[in-house]
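Chemist: Below is a structure I'd like to ask you about.
Read-outs throughout are calculated quantities, based only on the coordinates presented, and are distinct from any laboratory measurement. Keep in mind it's a predicted model, so treat the numbers as computed, not measured. Reconstructed Cβ throughout: ideal geometry from the backbone, glycine too, with neighbour counts over all protein chains shown.
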């Protein structure tokens, strides 16, 4: 009986020892775990942000070439006008009188020309017969030439008077929309030193241009043809799309900040965009709608000695690969083995990175290492058990939101 009890006691001690060893090793193994992500295809882009102003592609400033009292204004803001349409009229009464004066002056000079020509003909005959001196003949020639010049001058003054009468009518030079009207009937127009702007006409508001100011640190990646999306405060739920037309080489400097004007063409068929609206611009300098993506954190992960208790580490020699490209190393999890891989990366938006070579979809990429205590502490401090948490995939930007 004593022998039997002794055997049972030995067995219980052995079982307890095994249980203690198992619990201790299990606790050690459970204290460390990896955060991972699965490589999958998706959309990624690098964007340059800027602000700009929506403006018509082509505007014309309509001015006046003569001074006078504005008699009538025939158009107003937002009116659609056609090329050659009368926009306003300056009182022509003064210019009509100038035309009458120029006409009379021309008639007088023509009459004098007829007299001087007849006198020249007589003096020429007498000079040929030796009846007058050389000086008398030259005087007759000079008077005839002056009379001809006076006629030419009078004709020019008449044409100027007639042209000034024409200029009292202000016509539209293009088909378009009146954006601005700076004058009213009864206002005096002074065009002595510079042509005053009476109207501003936009050629076609169905096509607009956003003039964006791109910072010098970002302008190096911007090219003509790059896709652009932007929003305006008037329509916060609408996304407008366009393309970069031109990067202007002349910089703008304000408060020691250097920016480059970048012209963006956008369709405005619905006429939602109004001249002067402020646009929040995203220029897509790089994008791929079907890229193999992994988290950017995977590029910085390096295993340490604590993982040797749970995983087999298989390193890869980065220097053995061709360095001709953007090659980095990451770690792949295959059951209880971590394998280092060299991959060639492309676009990096600081959250995800595009893998061009060296990785297949579905492979599990290690992004970090965490202890059980830290994970529990982070969960207790950052999340309430009463608030549902959004999954990682739902928080990421979908490709559809960029289109």
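Chemist: If each residue of separation counts as 0.36 nm, what is the full-extension length gain between residue 141 and residue 119 once their alpha-carbon separation is subtracted?
Modeler: Separation in residues times 0.36 nm, less the Cα-Cα distance, equals 7.0 nm.
Chemist: Another question about this same structure. So, R0 is 35 Å and r is the distance between the beta-carbons of residue 69 and residue 156; what FRET efficiency does that work out to, to 0.05?
Modeler: It comes out at approximately 0.85.
Chemist: Here's another thing I want to ask about it. Using the basic label-point model (7 angstrom from Cα toward the beta carbon), what is the residue 356 to residue 195 distance in nanometres?
Modeler: 5.4
Chemist: What length, rounded to one decimal in nm, is gained on full extension from residue 128 through to residue 238, with 0.36 nm per residue of separation minus their alpha-carbon distance?
Modeler: The span from residue 128 to residue 238 would gain 30.3 nm if fully extended.
Chemist: Still on this model: Report the label-to-label distance for residue 108 and residue 336 in nanometres (one decimal), using points 7 Å from each Cα along the Cα→Cβ vector.
Modeler: 12.1
Chemist: By the gyration tensor of its Cα atoms, with a ≥ b ≥ c the square roots of the eigenvalues, what is the shape of the range 162-256: rounded for a/c under 1.5, prolate for a/b over b/c, or oblate?
Modeler: Because a/c hits 1.5 or more and a/b exceeds b/c, the range 162-256 counts as prolate.
Chemist: Once a ≥ b ≥ c are taken as the square roots of the eigenvalues of the Cα gyration tensor of the range 93-167, is the result rounded (a/c under 1.5), prolate (a/b larger than b/c) or oblate (a/b not larger than b/c)?
Modeler: Here the range 93-167 falls in the prolate category.
Chemist: Normalised by the number of residues in the range 93-167, what is the relative contact order in percent for Cα pairs under 8 Å and 6+ residues apart?
Modeler: 52
Chemist: Could you rank the peptides 128-134, 62-68 by their average count of other C-beta atoms within 10 Å per residue, with the highest value first?
Modeler: Result, highest mean first: 62-68, 128-134.
Chemist: Place a label point 7 angstrom from the Cα of residue 278 along the Cα-to-Cβ direction, then list the residues of the range 202-230 whose backbone nitrogen is under 18 Å away.
Modeler: Residues passing the 18 Å test: 210-215, 230.
Chemist: Let me ask something else. Cα gyration tensor of the range 109-232, axes a ≥ b ≥ c as square roots of the eigenvalues: rounded (a/c below 1.5), prolate (a/b > b/c) or oblate?
Modeler: Because a/c hits 1.5 or more and a/b exceeds b/c, the range 109-232 counts as prolate.
Chemist: For the range 168-196 and the range 197-248, what is the centre-to-centre distance using only Cα atoms, to the nearest Å?
Modeler: 29
Chemist: Please sort 173-183, 244-254 by packing, taking for each peptide the average over its residues of neighbouring beta carbons within 10 angstrom, highest first.
Modeler: Per-residue mean Cβ counts within 10 Å order the peptides as 173-183, 244-254.
Chemist: Computed FRET efficiency, Cβ-Cβ of residue 86 and residue 289, R0 60 Å: what is it to the nearest 0.05?
Modeler: That gives a FRET efficiency of 0.65.
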